[in-house]
Amino acid sequence: MIRVVLPAHLRVLAHVEGEVLLDVPGEATLGSVLDALETRYPVLRGTIREHGTLRRRAFVRYYACEEDLSHDPPDTALPEAVALGKEPFLVVGAMAGG
Amino acid sequence: MTGVRVLVGTRKGAFVLTSDGRRERWEVSGPHFGGWEIYHMAGSPADPSRLYVSQSGGWFGQVIQRSDDGGATWRPMGNEFAYEGVPGTHQWYDGTPRPWEFKRVWHLEPAADDPDEVYAGVEDAALFRSADGGASWQELPGLREHGSGPAWAPGAGGMCLHTIVRDPVRNGRMYAAISAAGVFRTDDGGKTWLAANRGLRTEGIPDPDAEVGHCVHRIAMHPSRPDVLFMQKHWDVMRSDDAGGTWHEISGDLPSDFGFPIAVHAHEPDTVYVVPIKSDSEHYPPEGRLRVYRSRTGGNEWEPLTKGLPQSHCYVNVLRDAMAVDDLDSCGVYFGTTGGQVYASADAGDTWAPIVRDLPAVLSVEVQTLP
């Protein structure tokens with residue numbers, strides 16, 4: 001299972017508490033995890049990635065294992081520790097604005 | 001008529017203020033959607049329990065919320081606002097062409113007779129419609145594809161379609177106002193649009209009388225007289241007596257003709273309200289005195305309404321969507337400020353009292369008169 005940590009506003013929007021556990025078929029990549037997340041919680045479509053282009057929204061970041069994966073292409077494999085469920089995949093609202 | 005529900009959108013959440021017909025004691029609910037910008041909330045005239053909310057933010061984009069029980073519970077609806085076809089370009093601040101790009105919903109306008117039909121005015125300027133209660137949205141591309149579209153440019157707040165006014169008599173007639181393009185009118189339900197800016201004069205654009213390029217801040221109509229429109233422009237308060245065919249100035253004796261909102265009394269089509277602001281760079285009341293101005297003559301002659309409003313050291317603004325009226329026998333008038341106050345008058349503006357004083361900056365105020 002892939003563990004995903006959402007920022008507080010998106011947890012409220014999706015009505016989830018704590019981490020989200022996702023069963024991701026095939027290889028755990030940035031794109032496949034986000035696809036699975038949006039399939040489970042359709043309300044998150046458009047809030048992390050833009051509709052249509054699926055580009056990451058400008059003030060959203062992806063972190064895992066103390067690495068910034070935000071600029072990696074969607075087919076990037078997530079670290080093994082994330083794929084094994086030992087570490088979470090973090091969706092983060094950037095520190096910006098008020 | 002038993003009461004009112006005031007829907008307040010703020011920079012950090014939504015608030016619902018309710019009272020009985022006396023409008024003296026208020027219940028305050030909120031913040032709903034705390035931390036998000038609530039550009040607008042609107043109730044369906046066909047079903048007052050049906051509310052729509054535009055919830056947005058720089059981090060996570062656009063969300064549309066809907067309530068079917070008057071704001072007790074909410075559920076997120078569709079948030080995909082995709083322009084039809086290849087959207088083309090408009091002008092950017094530096095004069096270069098820039099592709100249309102959706103940013104947020106500024107204004108929601110539910111239909112008069114169907115709670116599931118609602119229009120959305122968005123930034124970058126375009127008009128969308130939902131016929132399924134907000135689950136999905138389709139653009140009415142004829143407006144954006146008006147021949148002048150490539151010449152439209154954003155105002156300081158962005159290139160937003162901020163006002164939607166539907167003619168209650170002529171089926172298919174509707175007005176949309178865009179900063180900084182101007183007013184457009186459709187007579188065929190949104191398929192085709194005409195620029196409706198003749199008579200507007202804007203210093204600061206190359207051709208002051210241009211067909212488009214005017215920073216219209218807000219337009220208002222009384223439903224009993226739909227050919228008469230009132231406008232608060234960037235500078236100038238204007239009036240049209242021919243459904244936007246021509247406009248003439250009615251600023252008259254106002255202390256400043258700069259401002260954002262404009263509203264019409266619920267029962268008196270020639271009674272109009274504005275909130276003068278000192279200037280385009282000094283967004284606060286002249287002399288630090290918060291005054292609503294009322295004309296009972298359809299413009300030109302204005303009286304200051306001050307009882308209950310701060311008359312010293314007041315430097316708040318009232319934004320374009322932050323003033324509304326109720327339909328009770330004694331017309332109520334409401335407005336919210338960037339300082340977080342929401343003021344109400346239950347006597348058509350003669351006296352005012354704050355409902356709340358310390359909300360986040362108020363972006364929008366709508367009122368529902370409850371049966």
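Residues of the stretch A:77-98 being more than 11 Å from every other protein chain (Cβ to nearest Cβ) and exposed (fewer than 15 other Cβ atoms within 10 Å of the Cβ), which ones? Break it down stepwise before answering.
As a first pass, look at the stretch A:77-98 and keep what is more than 11 Å from every other protein chain (Cβ to nearest Cβ): A:77-90.
Those that are more than 11 Å from every other protein chain (Cβ to nearest Cβ) and exposed (fewer than 15 other Cβ atoms within 10 Å of the Cβ): A:Ala77, A:Glu80, A:Ala81, A:Leu84, A:Gly85, A:Lys86.
B:Gly147 passes all but one of (1) surrounded by fewer than 16 Cβ atoms within 10 Å (Cβ to Cβ); (2) in contact with a Phe, Trp or Tyr (Cβ under 6 Å, 6 or more places away or on another chain); which number fails?
Unmet condition: (2).
With the requirement that a residue be over 22 Å from the mean Cα position of the chain (by Cα) and within 12 Å of chain A (Cβ to nearest Cβ), what does the stretch B:52-72 give you? Before you say what the answer is, go through the steps one by one.
Here is the first cut: in the stretch B:52-72, the ones over 22 Å from the mean Cα position of the chain (by Cα) are B:59-60, B:68-69, B:72.
B:Trp59, B:Phe60 - these are the residues of the stretch B:52-72 that are over 22 Å from the mean Cα position of the chain (by Cα) and within 12 Å of chain A (Cβ to nearest Cβ).
Quick test for you: out of A:Pro42, A:Pro25, A:Pro73, pick the one residue that is more than 12 Å from the chain's Cα centre (by Cα) and closer than 21 Å to B:Arg104 by Cβ. Walk me through how you get there before you give the answer.
Values: A:Pro25 fails: closer than 21 Å to B:Arg104 by Cβ; A:Pro73 fails: closer than 21 Å to B:Arg104 by Cβ.
The unique qualifying residue is A:Pro42.
Of the residues B:Asp124, B:Asp187, only one is farther than 30 Å from B:Trp74 by Cα, without any contact (Cβ under 8 Å) to a residue 40 or more places away in the chain and of a type outside the set (Gly, Ala, Ser); which? Full working, then the answer.
Values: B:Asp124 fails: farther than 30 Å from B:Trp74 by Cα.
None of the other options fit; the residue is B:Asp187.
(1) under 30 Å from B:Ala153 (Cα atoms); (2) among the aromatic types (Phe, Trp, Tyr); (3) more than 22 Å from the chain's Cα centre (by Cα): which one isn't true of B:Phe102, the others all being true?
Exception for B:Phe102: condition (3).
When the residues of the stretch A:58-70 are narrowed to those that are in a loop (DSSP other than H, G, I, E, B) and more than 13 Å from the chain's Cα centre (by Cα), which ends up nearest to the other protein chains (Cβ to nearest Cβ)? Step through it out loud before you land on a result.
First, the residues of the stretch A:58-70 that are in a loop (DSSP other than H, G, I, E, B): A:58-59, A:65-66, A:69-70.
Those left that are additionally more than 13 Å from the chain's Cα centre (by Cα): A:58-59, A:65-66.
Numbers: A:Ala58: 8, A:Phe59: 5, A:Cys65: 23, A:Glu66: 22 Å.
Selected residue: A:Phe59.
Go through (1) more than 14 Å from chain B (Cβ to nearest Cβ); (2) assigned to a helix (DSSP H, G or I); (3) of a type in the set (A, V, I, L, M); (4) over 25 Å from B:Ala82 (Cβ atoms) one by one and return the number of the condition A:Val12 breaks.
Looking at each condition in turn, A:Val12 falls short on (1).
Can you name the strands (runs of 3 or more DSSP E) wholly within the stretch B:264-371 that have at least 3 residues being polar (S, T, N, Q)? So that I can check it myself, show each step before the final result.
Details: elements: B:272-274, B:292-295, B:303-305, B:323-325, B:333-336, B:342-345, B:353-356, B:362-370.
Those strands (runs of 3 or more DSSP E) span B:362-370.
Of all residues in the stretch B:73-116, how many are within 11 Å of chain A (Cβ to nearest Cβ), surrounded by 20 or more Cβ atoms within 10 Å (Cβ to Cβ) and not in a loop (DSSP other than H, G, I, E, B)?
1
Restricting to the stretch B:253-291, and then to whatever is under 30 Å from B:Asp329 (Cβ atoms) and touching a Gly at 6+ places or on another chain (Cβ under 6 Å), can you tell me which residue is surrounded by the fewest Cβ atoms within 10 Å (Cβ to Cβ)?
B:Asp270
When you go through B:Val63, B:Val53 one by one, which is the residue that is among the aliphatic types (A, V, I, L, M), at pLDDT 95 or above, within 22 Å of A:Leu13 (Cα to Cα) and in contact with a Pro (Cβ under 7 Å, 6 or more places away or on another chain)? Even if it seems obvious, please write down each step before you answer.
Working: B:Val53 fails: in contact with a Pro (Cβ under 7 Å, 6 or more places away or on another chain).
The match here is B:Val63.
Per-residue answers, yes or no, for (1) over 19 Å from B:Asn79 (Cα atoms); (2) free of Cβ contacts under 8 Å to residues at least 12 places away in the same chain; (3) touching a strand residue (DSSP E or B) at 6+ places or on another chain (Cβ under 7 Å):
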position: A:Glu17; (1), (2), (3): yes, yes, no
position: A:Thr29; (1), (2), (3): yes, no, yes
position: A:Val33; (1), (2), (3): yes, no, yes
position: A:Leu44; (1), (2), (3): no, no, no
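Going through the stretch A:46-57 one residue at a time, which ones are in a loop (DSSP other than H, G, I, E, B), under 23 Å from A:Val12 (Cα atoms) and without any contact (Cβ under 8 Å) to a residue 24 or more places away in the chain?
Of everything in the stretch A:46-57, those that are in a loop (DSSP other than H, G, I, E, B), under 23 Å from A:Val12 (Cα atoms) and without any contact (Cβ under 8 Å) to a residue 24 or more places away in the chain turn out to be A:Gly46, A:Glu50, A:His51, A:Leu54, A:Arg55, A:Arg57.
The values are calculated or read from the model by the stated rules, or taken from the named source; none is laboratory data. On a predicted model such as this, the values are computed, not experimentally measured, just so you know. A quick note on method: Cβ atoms are made from the backbone with ideal geometry, for glycine too, and the neighbour counts reach across all protein chains shown.
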